[in-house]
Amino acid sequence: MSIYGQIIDLINILFIKGIFISVLIIICSRLLFKRVDTKNALLIIRWLLLSYSILVIVQLLITLLHPESSKAFWERATDRYRFAFWLMISSPLLPLFLFVKSLRNNIYILLFMAIWINIGWHMESLVIHLTMMNREYSGNSNSSPSTGEVMIILKGILIGVLILAIGNSYIWIKKASHEN
């Protein structure tokens, strides 16, 4: 289970955190550049979200089978912060709606799911910034993003551009092979 959890953490760190920035980059490129095809890029994002979601659900089910972890799970699920717990538990379930054909082709639903799958990270970041602002009683509180958050945003931009390039390179290669 430890290796499985580490694989999920690696995928989360490399691809999932900041994936909503990647989807925003794809949406912007779709609006600004008419020659850029975003269909393959969205397909890559969709399957990345679905794969991660399935991995997390399997990890959750394995956790529920272990007696000690199951007890901790149900304590958190019925604790006074259960709303936040259930929000974070629902995050890997929501991308399963991408299997529905009418939903998977909507770019804005994909953006919503990319934001929702990171709901735990967003809530954590919000709590950290609110705590920092509350601790500094002076009016000149610095609530700027941390270095980690800036790195996640930059990584999201980079992954968005790379996914667009990969998606379009497939089309360019296909066109080049038809011309010869």
Residue list for the range 18-30, filter: surrounded by fewer than 17 Cβ atoms within 10 Å (Cβ to Cβ) and at pLDDT below 90: none
Can you report the number of residues in the range 56-90 which are farther than 25 Å from Tyr108 by Cβ, modelled with pLDDT of 85 or more and under 23 Å from the mean Cα position of the chain (by Cα)? 5
Which count do you get for residues in the range 1-55 that are of a type in the set (A, V, I, L, M) and within 23 Å of Phe99 (Cβ to Cβ)? 18
Could you tell me which of the residues Arg46, Arg82 is closer than 29 Å to Gly148 by Cβ, free of Cβ contacts under 8 Å to residues at least 12 places away in the same chain and surrounded by 11 or more Cβ atoms within 10 Å (Cβ to Cβ)? Arg82
Could you identify the single residue in Leu98, Leu55 that is closer than 25 Å to Ile171 by Cα, in contact with a helix residue (DSSP H, G or I) (Cβ under 8 Å, 6 or more places away or on another chain) and crowded, with 16+ Cβ neighbours inside 10 Å? Leu98
Looking at the range 34-43, which of the residues that are in contact (Cβ under 8 Å) with a residue 40 or more places away in the chain and not in a helix (DSSP H, G or I) is nearest to the chain's Cα centre (by Cα)? Thr38
For Ala72, are the conditions met, namely being closer than 24 Å to Ile13 by Cβ and crowded, with 16+ Cβ neighbours inside 10 Å? no
Criterion first (surrounded by 15 or more Cβ atoms within 10 Å (Cβ to Cβ) and acidic (Asp, Glu)) does Asp37 satisfy it? yes
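Please work out if Leu93 is more than 14 Å from Leu111 (Cα to Cα), at pLDDT 90 or above and surrounded by fewer than 18 Cβ atoms within 10 Å (Cβ to Cβ). Please lay out each step first, then the result.
Working: more than 14 Å from Leu111 (Cα to Cα): yes; at pLDDT 90 or above: no; surrounded by fewer than 18 Cβ atoms within 10 Å (Cβ to Cβ): yes.
Spelling it out, it is not the case that Leu93 is more than 14 Å from Leu111 (Cα to Cα), at pLDDT 90 or above and surrounded by fewer than 18 Cβ atoms within 10 Å (Cβ to Cβ).
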Any residue at all in the range 151-160 that is farther than 16 Å from Trp47 by Cα, at pLDDT below 70 and assigned to a helix (DSSP H, G or I)? no
Can you find, within the range 6-33, the residue that is farthest from Ile159 (Cα to Cα) among those that are without any contact (Cβ under 8 Å) to a residue 24 or more places away in the chain, over 12 Å from the mean Cα position of the chain (by Cα) and part of a helix (DSSP H, G or I)? Gln6
Counting only residues that are more than 30 Å from Val36 (Cα to Cα), in contact with a Ser or Thr (Cβ under 7 Å, 6 or more places away or on another chain) and either surrounded by 13 or more Cβ atoms within 10 Å (Cβ to Cβ) or modelled with pLDDT of 70 or more (or both), the range 129-150 contains a total of 2
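The values are calculated or read from the model by the stated rules, or taken from the named source; none is laboratory data. None of these values were measured; they are calculated from a predicted model. Here the Cβ is made from the backbone with ideal geometry for all residues, glycine too, and neighbour counts use every protein chain on show.
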